[in-house]
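Structure record follows, encoded as structure tokens.
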Amino acid sequence: MTLPYELNQLLDERNRTLYEQVAGQLTVRLEPSDDSGWGCKVKDHDGIVYCSKSGFPIACFTHELLHLKFESNGMGQPSHKTDHSEFPTDAIGFFHNQLVHHKIYPSFISLGFKPQEFLNDDDAKGMTQILKRDLSTFESLYKKGKKPLTGLMIAMPFFSINSPHDQSDTIKKFGQRLKVIANPNDLSDFEKILRDWKQNENPNCSRPLACIFKVAGFPRVGFSLTGTDYDIIYAGNVTI
């Protein structure tokens with residue numbers, strides 16, 4: 001699989017300084033994405049950016065550079081520990097990504113990029129499609145049970161709806177639909193978790209992740225940036 005872009009095609013006056021900052025900490029290299037999305041990871045001392053065709057590739061590359069920068073500064077995904085046999089491990093990456101987006105978005109905008117360039121086309125469309133599908137499913141469950149929904153059914157659409165870049169009428173309508181079917185205490189807790197995280201200068205995501213999973217009903221999961229019990233934070237021990 002060939003690379004869709006060379007590095008020099010992904011740099012301009014807006015992101016060149018950022019690139020130099022990240023390249024001073026990591027060896028930045030490009031690899032083709034396995035799908036239509038963009039992504040990145042830190043492996044040893046490499047910052048790998050996975051890229052695909054886009055209508056605004058420089059913005060996509062800048063988004064991933066910001067992920068690499070913030071991860072290098074302590075905002076990487078913590079490891080987790082739990083004895084819960086049905087713990088939804090895959091959800092950790094989703095919530096971590098959403099939390100980091102709230103930190104990198106102001107920097108993205110300050111560099112001169114547009115809100116609609118924050119996610120690539122396929123990610124933005126995919127989020128809208130998932131919200132349409134899931135909210136319709138959850139609304140049907142609500143009508144059958146006649147009681148407010150809780151847990152991950154509320155947490156995942158809440159954080160998608162509150163992605164920092166989208167203030168459209170469509171996303172606002174999704175938020176209104178969620179309020180009708182969601183446990184209001186859960187929504188209030190998630191709003192506070194997100195507000196506290198945005199105001200907190202500590203880059204460690206362990207505590208907000210623990211808070212999210214406490215509200216979602218998984219108190220026996222703990223998160224640790226070092227991967228040890230030294231700094232582990234269990235969901236059941238945090239106060240929202």
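The values are calculated or read from the model by the stated rules, or taken from the named source; none is laboratory data. Small disclaimer: the values here were computed from a predicted structure and weren't measured. Positions of Cβ are generated from backbone atoms using ideal geometry, with glycine treated the same way; all protein chains shown enter the neighbour counts. Surface areas here come from the heavy atoms of the whole protein model, side chains and all, with no ligands, DNA or RNA. Shrake-Rupley method; radii C 1.70, N 1.55, O 1.52, S 1.80 Å.
Things to note:
- In segment 78-137, the convex hull through the Cα atoms has an average projected area of 5.8 nm², a quarter of its surface area.
- Judged by the mean number of other Cβ atoms found within 10 Å, the most tightly packed of the peptides 33-45, 61-73, 98-110 leads the ranking 61-73, 98-110, 33-45.
- Average accessible surface for segment 1-155: 53 Å² per residue, computed with a 1.4 Å probe over protein heavy atoms with every protein chain in place.
- Each residue of segment 203-213 was assigned a 3J(HN,Hα) from its phi angle through the Karplus expression (A = 6.51, B = -1.76, C = 1.60, θ = phi - 60°), giving x, 5, 7, 4, 5, x, 5, 4, 5, 4, 6 Hz with x at Gly and Pro.
- In segment 120-240, Rg over Rh equals 1.00, where Rg is the alpha-carbon radius of gyration and Rh the Kirkwood radius from pairwise Cα distances.
- Residues whose amide H lies under 5 Å from that of residue 11, counting only those 5 or more places away or on a different chain, are absent; hydrogens are built 1.01 Å from N in the peptide plane.
- Helix-only mean residue ellipticity at 222 nm for the chain, each DSSP H run of n ≥ 4 adding -39500 (n - 2.57), per residue, nearest 500: -16000 deg cm²/dmol
- Remark: segment 8-20, residue by residue, has Karplus-estimated 3J(HN,Hα) of 5, 7, 10, 10, 8, 5, 6, 10, 5, 5, 4, 4, 5 Hz, where x stands for each Gly or Pro and the curve is 6.51 cos²θ - 1.76 cosθ + 1.60 at θ = phi - 60°.
- Cα-projected label distance for residue 143 with residue 14, points at 7 Å along beta-carbon direction, nm: 4.3
- Using the Karplus relation 6.51 cos²θ - 1.76 cosθ + 1.60 with θ = phi - 60°, the per-residue 3J(HN,Hα) values for segment 124-132 come to 5, 5, x, 4, 4, 5, 5, 5, 4 Hz, with x marking Gly and Pro.
- Using the Cβ-Cβ distance between residue 53 and residue 196 with R0 set to 30 Å, the FRET efficiency works out to roughly 0.20.
- Here residue 2 and residue 230 are evaluated by their C-beta separation; at R0 = 41 Å the FRET efficiency comes out at 0.40.
- Coarse-grained scattering of the chain at q = 0.10, 0.12, 0.16, 0.18 Å⁻¹, given as base-10 log I(q)/I(0) from a Debye sum over alpha-carbon atoms: -0.51, -0.73, -1.23, -1.43
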